[in-house]
1. crowded, with 18+ Cβ neighbours inside 10 Å and touching a strand residue (DSSP E or B) at 6+ places or on another chain (Cβ under 8 Å): does that describe residue 176?
2. Within the range 84-110, can you find the residues that are in contact with a strand residue (DSSP E or B) (Cβ under 8 Å, 6 or more places away or on another chain) and crowded, with 20+ Cβ neighbours inside 10 Å?
3. Taking strands (runs of 3 or more DSSP E) that fall entirely within the range 34-121, which contain at least 3 residues that are more than 16 Å from the ligand (Cβ to nearest atom) and modelled with pLDDT of 95 or more?
4. Taking into account only those residues within the range 186-199 that are more than 10 Å from the ligand (Cβ to nearest atom), touching a residue at least 12 places away in the same chain (Cβ under 8 Å) and part of a helix (DSSP H, G or I), which is nearest to residue 58 (Cα to Cα)?
5. Please count how many residues of the range 134-178 are away from the ligand (no atom under 13 Å from the Cβ), under 23 Å from residue 112 (Cβ atoms) and in a strand (DSSP E or B).
6. Can you give me the number of residues within the range 46-62 that are under 14 Å from the mean Cα position of the chain (by Cα) and crowded, with 22+ Cβ neighbours inside 10 Å?
Ligand code: GRF
């Protein structure tokens, strides 16, 4: 009698493509600049991946725009220089971005990671680091761009949510998709509980994409 094949391991297909953790660049650490506005759990995930030897990179600088951001405390704890560039002190998005580029260059940054950066970026920044700026977004793009992505997903009634790491392009949340992780939506999920599970996946895929960049496969 034929038996049904064993069900596939559902966790194995959550992240596509599966990337070997051995993707460590043997050369110099990739010099990162992180832009963040808030809590900074993704900053922490990158710092931990580096500290544990899973990622050959160095966070040269954190740039943050909100004086209250917890991410600044995290940077201090990891001995990462933190530069506050408060958008309220700039006349235009371009002026802010010019200062960001200046700081990133001062700290000799090669790759820029937007990890919870709640500002729209302009070509001033994008053109200074062509194809070398990534962003993490809490949805399976191209669905649910922009703010409150998780609330948008719940309102739409999707059964699979997730997160995306993509290259940054002038249009918000629209650059080339690099890596995604899917997260099932549970019947009793709130925006908060779903966000918690999405963040677990964010903390996996963001260091993985940076590992790829360190391996010079994206440039
Ligand atoms: C993440 O959910 C990310 O997808 C979004 O902002 C959030 C930042 O979280 N862009 P944290 O500050 O890294 O904890």
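The values are calculated or read from the model by the stated rules, or taken from the named source; none is laboratory data. Since this is a predicted model, take the numbers as computed values, not measurements. Every residue, glycine as well, gets a Cβ built from its backbone with ideal geometry; the counts of neighbours run over all protein chains shown.
1. Considered against the rule, which asks whether it is crowded, with 18+ Cβ neighbours inside 10 Å and touching a strand residue (DSSP E or B) at 6+ places or on another chain (Cβ under 8 Å), residue 176 comes out as no.
2. Result: 100, 104, 109.
3. Passing ranges, in order: 57-64.
4. The extreme case among them is 197.
5. Count: 3.
6. 4
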